[in-house]
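> Questions regarding the structure given below will be posed in turn.
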Amino acid sequence: VTMHGKYRHAGPKSTQYNELEKMINQYYEMLQRKRHEHAKRFAVNIRKTVLLNGCPEDDIIAETNANASNNHQQNGQQQNGQPGDVSGRRLLTRIGRALPTMRRVEDTLRGKLWRLVLGVGNLDANNYKNQIKKAESQDYYVKIRGDTKRTFLTSEEYNSRVSEERLVRVLNSFAHRYSKPYCQGMDAIAAGLLYVMPELDAFHSFSLLINSHFPTYFYSDKTRKKDLIGAYAGSYLSWDILKICDYEIFNHLSSLPPYLYLFPLVASFQAISQPFTELQRLWDFLFCFGVHLNPILAIAQIIVNKKLILSQQPARLVQGILSQRKWMNGRLNAKCVIEQSMNIIQLLKSKTKYKKLWIQLSKHSNDFNIAQQIKIEHTHGVKYGQITTAHLNDNDNNTTVDKDDINDDDIGEIIDNNDKTEE
């Protein structure tokens with residue numbers, strides 16, 4: 001199964017929608033014709049277009065439970081074209097929540113965009129079905145179910161489109177396929193993908209994210225020495241960035257350990273932020289620019305809410321707007337956060353004295369040594385090793401899109417464009 005297939009749209013398409021759709025189709029056409037340099041240029045232009053203008057929204061019709069009973073039988077045979085009854089019974093029948101109705105828009109423009117920028121290629125449906133046949137993971141199924149029943153529980157948009165059954169299948173199959181443990185937070189990543197793309201596509205996108213784009217974030221082993229090392233490193237990097245970009249807020253929060261309020265946000269890739277539709281726009285930015293910029297988005301959220309944060313004492317903040325369940329009172333404004341993130345990026349890349357920080361930021365999501373060095377430096381004050389010139393190379397990037405293709409001039413163009421828009 002290839003990614004060049006068409007998808008359905010429930011309503012009229014805007015000019016911006018048609019233009020982005022055309023560029024994506026041209027990218028895959030260049031790949032099919034083995035014109036890889038042309039395809040690479042299309043990929044860069046696609047990412048720049050999304051960063052400048054955002055991703056046009058699909059006309060997704062929110063389903064309700066009114067017809068759930070009718071669609072329950074349809075989904076029992078084959079859930080919206082996804083792997084269905086492959087072992088003579090409904091999969092994971094212990095899940096009692098009623099399934100949403102048939103999805104009017106199964107695949108979306110955002111889903112196709114994310115697969116492109118993440119570097120998802122061919123899909124192996126047979127392999128995925130084989131993982132499903134293995135049934136519930138003895139080691140992780142209970143833990144998975146404990147999380148999936150709460151995933152985006154308060155989001156009407158999410159729950160109208162994604163059944164818990166789909167989410168459990170993706171996570172359970174990942175644990176089987178890669179013999180890797182399930183870690184809390186993976187459910188939010190997979191859920192966001194399932195919202196915009198079919199189950200098979202979401203499984204492959206999720207696998208690529210966990211294994212290649214940010215392997216340090218959800219790593220876990222029996223020694224526990226490197227558990228979630230990338231997420232901890234990202235939290236400390238966020239703290240460093242806050243000190244550079246807004247010392248007033250940094251000083252106000254200095255009595256709090258940075259991981260206390262930053263870890264849940266960074267480890268979830270901003271998924272504790274709501275509303276859900278705004279979170280999707282933050283992921284547009286992360287997937288187009290690079291998931292290693294996750295710590296910058298975290299600090300951008302704090303700076304955007306500076307007035308609110310400075311008006312309260314730290315002890316009250318960690319029980320309120322900086323807590324995992326009440327993060328910023330669920331009032332995420334993706335546009336403002338992304339604009340602030342662009343300003344932070346420009347500042348960090350413009351000063352030689354921030355070069356080491358930028359290298360650490362670029363590598364912490366997929367280099368275990370860098371991530372461990374960051375954590376040790378911050379928790380013990382010990383300079384653990386040195387960053388060598390080898391870390392300046394991007395040879396360990398397994399995606400098809402080179403993140404460095406968007407250079408300093410491109411960043412400046414995007415920021416200038418945003419300024420003109422505001423005027």
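> Normalising by the residue count of the stretch 107-175, find the relative contact order in percent from Cα pairs under 8 Å and 6+ residues apart.
Reported as a whole number, the value is 39 percent.
> Let me ask something additional. Could you calculate the contour length gain from E157 to Q138, that is, 0.36 nm times the residue separation minus the distance between their Cα atoms, to one decimal place in nm?
3.7 nm
> Long-range amide H contacts for Y140: which residues qualify at under 5 Å (H placed 1.01 Å from N, peptide plane, sequence gap of 5 or more or a different chain)?
It is none; the list stays empty.
> A further question follows. Tell me, what is the percent relative contact order of the stretch 150-252, built from C-alpha pairs under 8 Å that lie six or more residues apart?
18
> Take the solvent-accessible surface of the protein heavy atoms, probe 1.4 Å, and return the percent of it on the stretch 145-209 that carbon and sulfur atoms account for. Before the final figure, lay out the partial values.
Values: 810 of 1720 Å².
The computed percentage sits at 47.
> Using the Karplus curve 6.51 cos²θ - 1.76 cosθ + 1.60 with θ = phi - 60°, work out ³J(HN,Hα) for each residue of the stretch 37-54 in order, rounded to whole Hz, and write x for Gly and Pro.
Computed from phi, the couplings for the stretch 37-54 are 5, 5, 4, 4, 5, 4, 4, 5, 5, 5, 5, 5, 4, 5, 5, 7, 10, x Hz.
> Provide the gained length on full extension for the span S311 to H36, in nm with one decimal, where the gain is 0.36 nm per separating residue minus the Cα-Cα distance.
On the way: separation 275, 0.36 × 275 = 99.00 nm, distance 5.29 nm.
Full-extension gain reported as 93.7 nm.
> Using a probe of 1.4 angstrom, how much of the accessible area of the stretch 214-298 is carbon and sulfur, in percent?
About 54 percent, which is the carbon plus sulfur part of the accessible surface.
> Would you kindly derive the ³J(HN,Hα) couplings of the stretch 148-160 from the backbone phi angles with the Karplus curve 6.51 cos²θ - 1.76 cosθ + 1.60 (θ = phi - 60°), listing them in order in whole Hz, with x for Gly and Pro?
5, 6, 10, 4, 6, 4, 8, 8, 5, 4, 5, 5, 7
> Right, something else. For the stretch 251-320, what is the accessible area per residue in Å², given a 1.4 Å probe and the full set of protein chains?
Here the residues of the stretch 251-320 average 32 Å² of exposed surface.
> Given labels modelled 7 Å from the Cα in the Cβ direction, how far is it in nm from Q346 to N45?
Computed distance between label sites Q346 and N45 equals 2.5 nm.
> Further question: Using the heavy atoms of the protein chains alone and a 1.4 angstrom probe, what is the accessible area of the stretch 130-190 per residue in square angstrom?
It amounts to 42 Å² per residue over the stretch 130-190.
> Shifting gears a bit: Got a sec to turn the phi values of the stretch 319-325 into Karplus ³J(HN,Hα) couplings, 6.51 cos²θ - 1.76 cosθ + 1.60 with θ = phi - 60°, whole Hz, x for Gly and Pro?
9, x, 5, 9, 8, 4, 7
> Under 16 Å from a label point 7 Å along Cα→Cβ of Q16: give me every residue in the stretch 317-353 with its amide N that close.
334-339, by backbone N distance to the label point.
The values are calculated or read from the model by the stated rules, or taken from the named source; none is laboratory data. Since the structure is predicted, the reported quantities are computational estimates derived from the model, not experimental observations. Ideal geometry is used to build each Cβ from the backbone, glycine not excepted, and the neighbour counts take in all protein chains shown. Accessible surface is based on the protein model in full, side chains and every heavy atom, while ligands, DNA and RNA are left aside. Shrake-Rupley method; radii C 1.70, N 1.55, O 1.52, S 1.80 Å.
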